[in-house]
Amino acid sequence: MQPRIAFCGRCRGMKVGWNKRYILHRLLCKQWLNDSSRLGSLTFLMLALLLAFPVPSASVFSKDRPDQPVQEPGIQASTSSVGPTVRWMDAFLKEHEVAEANRMRLAEAIVESARKYDVNPRLIASVMIVESRGNPFAISGKDAIGIMQIHLPTWGQTADREGINLLRIEDNIDFGARILKNYIRQFGLWEGVKRYNGFIADNPSSEQSADEYVAKVQQVYEFQSPATSQRAALE
């Protein structure tokens, strides 16, 4: 028996079904976003996303299992086969207490996206550390998910349209780096970082929150140790 299909009268999103359109409707429609149980619904839908995409069988709340790596077929990280920039990035992430389980994979994805979008890899890593400290299943109370905390009401439809799996490490980092690059191109370096955080002009509370966010990113970005100073040319 085929499942019944119905569409929302408010936004024309799918109200019945279990495909990506249905899940995004549950995440993005104002009818759901105004529900007081929004965070619980997000957690439930994240479980549905885990079933819908080929992602690892790790706990959604990865803080409970910080040392379990995210495994995907065909993706392996070998320190003997990576370049010096990736090894430097791995050391940088280690210094900022990113769990070892997926650290080399994170380092490779950050360096690759940095080259693709011409963004300093240290900046991408700094934003990632502040946003999630490398947790691929992070969920915020502001409807943001994944390593780079992609804001679903703003970017969810784009991710769905382009087939971006926000729970996959490489996809999330690549999309986050792309968003960051666009903001930097429009507003400059640190003003662009503020926009990544959701800064709204002429809003005092938003201004204070964005300034605090930039300060955290700058603290990570400007951090130097004997291990990382040898790769200062990346700055």
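The values are calculated or read from the model by the stated rules, or taken from the named source; none is laboratory data. Keep in mind the model is a prediction, meaning the values are calculated, not measured. Please note: Cβ atoms are built from the backbone with ideal geometry, for glycine as well, and neighbour counts cover all protein chains shown.
For the range 143-152, enumerate the residues that are touching a helix residue (DSSP H, G or I) at 6+ places or on another chain (Cβ under 6 Å) and touching a residue at least 60 places away in the same chain (Cβ under 8 Å).
Answer for the range 143-152, where residues must be touching a helix residue (DSSP H, G or I) at 6+ places or on another chain (Cβ under 6 Å) and touching a residue at least 60 places away in the same chain (Cβ under 8 Å): Asp143, Leu152.
Would you tally the residues in the range 90-104 being assigned to a helix (DSSP H, G or I), touching a residue at least 24 places away in the same chain (Cβ under 8 Å) and touching an Asp or Glu at 6+ places or on another chain (Cβ under 8 Å)? So that I can check it myself, show each step before the final result.
First, the residues of the range 90-104 that are assigned to a helix (DSSP H, G or I): 90-95, 103-104.
From what is left, the residues that are touching a residue at least 24 places away in the same chain (Cβ under 8 Å) are 91-93, 95, 103-104.
Still in the list and also touching an Asp or Glu at 6+ places or on another chain (Cβ under 8 Å): 103-104.
So the count comes out to 2.
In the range 129-143, which residue that is at pLDDT 95 or above and of a type in the set (A, V, I, L, M, F, W, C) is surrounded by the most Cβ atoms within 10 Å (Cβ to Cβ)?
Ile129
Restricting to the range 198-209, give me the number of residues that are at pLDDT below 85 and either part of a helix (DSSP H, G or I) or not assigned by TED's automatic domain parsing to the domain that holds Arg115 (or both). Walk me through it before giving the result.
In the first step, residues of the range 198-209 are kept if they are at pLDDT below 85; the result is 200-206.
Cutting the leftovers down to either part of a helix (DSSP H, G or I) or not assigned by TED's automatic domain parsing to the domain that holds Arg115 (or both) gives us 204-206.
Of the residues in that region, 3 qualify.
Out of curiosity, is Arg122 modelled with pLDDT of 90 or more, under 17 Å from the mean Cα position of the chain (by Cα) and assigned to a loop (DSSP other than H, G, I, E, B)?
Here the answer is no, as Arg122 does not meet what is asked.
Let's see how each residue does on (1) in the same structural domain as Val111 (by TED's automatic domain parsing); (2) in contact (Cβ under 8 Å) with a residue 12 or more places away in the chain; (3) part of a helix (DSSP H, G or I); (4) under 17 Å from the mean Cα position of the chain (by Cα):
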position	(1), (2), (3), (4)
Gly156	yes, yes, yes, yes
Gln186	yes, no, yes, no
Asp211	yes, yes, yes, no
Gln218	yes, yes, yes, no
Gln224	yes, no, no, no
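Hey, any hits in the range 112-121 for a residue that's among the polar types (S, T, N, Q), touching a residue at least 60 places away in the same chain (Cβ under 8 Å) and surrounded by fewer than 20 Cβ atoms within 10 Å (Cβ to Cβ)? Step through it out loud before you land on a result.
From the range 112-121, those among the polar types (S, T, N, Q) are 113, 120; that's our starting set.
Retained after the next criterion (residues that are touching a residue at least 60 places away in the same chain (Cβ under 8 Å)): 113, 120.
Within this subset, residues satisfying the condition of being surrounded by fewer than 20 Cβ atoms within 10 Å (Cβ to Cβ) are 120.
Yes, the range 112-121 contains at least one residue that is among the polar types (S, T, N, Q), touching a residue at least 60 places away in the same chain (Cβ under 8 Å) and surrounded by fewer than 20 Cβ atoms within 10 Å (Cβ to Cβ).
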